[in-house]
Amino acid sequence: MSTTTEVFGDVDRMDAKAFASHLAEDCMLRFANADEVVGRDAIEEAIGGFFSTIKGLSHHIVEQWDVDDTTVVQLEVTYTRMDDRRVTLPAVTIYRRGGDLIDEYRIYIDLGPIYA
């Protein structure tokens, strides 16, 4: 079973394939106000597409709560935009596991400032 730090580490390296390895084959992802994406391969492609719009990112875990199979993480995420400006945004991620892999992954964030 992957830890939150391992999952965010793969994201911070902008490694969509490594991130997807934490997900169940039929995982559902909801990222900000985008439509839900279902399936590990589709999520890898969607996250890879997002990574292509930024130069980098890093997650700082503010707080984490684990309740049964659900993890809630309060974050500060610093994005490096294509113009090299950095934007730090508050976010909440909620994910659920049916076993060792993540079945449902929800990211609540306003991505607008990254592209403003």
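The values are calculated or read from the model by the stated rules, or taken from the named source; none is laboratory data. Predicted, not measured: the structure shown is a model, and the values here were computed from it. Cβ placement follows ideal geometry from the backbone for every residue including glycine, while neighbour counts extend to all protein chains displayed.
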Hits in the range 3-15 - residues which are under 19 Å from Glu104 (Cα atoms), surrounded by fewer than 16 Cβ atoms within 10 Å (Cβ to Cβ) and not acidic (Asp, Glu) | Thr3, Thr5
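Tally up the residues in the range 8-17 that are in contact (Cβ under 8 Å) with a residue 24 or more places away in the chain and in a helix (DSSP H, G or I), please.
In the first step, residues of the range 8-17 are kept if they are in contact (Cβ under 8 Å) with a residue 24 or more places away in the chain; the result is 8, 11-12, 14, 16-17.
Now narrow it down to the ones that are in a helix (DSSP H, G or I): 8, 11-12, 16-17.
Residues that pass the stated criteria total 5.
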Applying the selection to the range 35-47, what residues are over 18 Å from Ile109 (Cβ atoms) and either among the small types (Gly, Ala, Ser) or modelled with pLDDT under 95 (or both)?
-> Gly39, Ala42
Any idea which residue in the range 29-78 is farthest from the chain's Cα centre (by Cα), counting only those that are of a type in the set (Gly, Ala, Ser) and loosely packed, with under 12 Cβ neighbours inside 10 Å?
-> Ser52
In the range 44-76, the residues that are more than 21 Å from Ala116 (Cβ to Cβ) and not in a strand (DSSP E or B) | Glu44, Glu45, Ala46, Ile47, Gly48, Asp68, Asp69
Tabulated pairs, the range 98-109, first more than 14 Å from Thr4 (Cβ to Cβ), second among the polar types (S, T, N, Q), C-beta under 6 angstrom, 6+ apart or interchain = none
Of all residues in the range 84-95 being surrounded by fewer than 16 Cβ atoms within 10 Å (Cβ to Cβ) and in contact with a Lys or Arg (Cβ under 9 Å, 6 or more places away or on another chain), which is nearest to Gly39 (Cα to Cα)?
-> Ile94
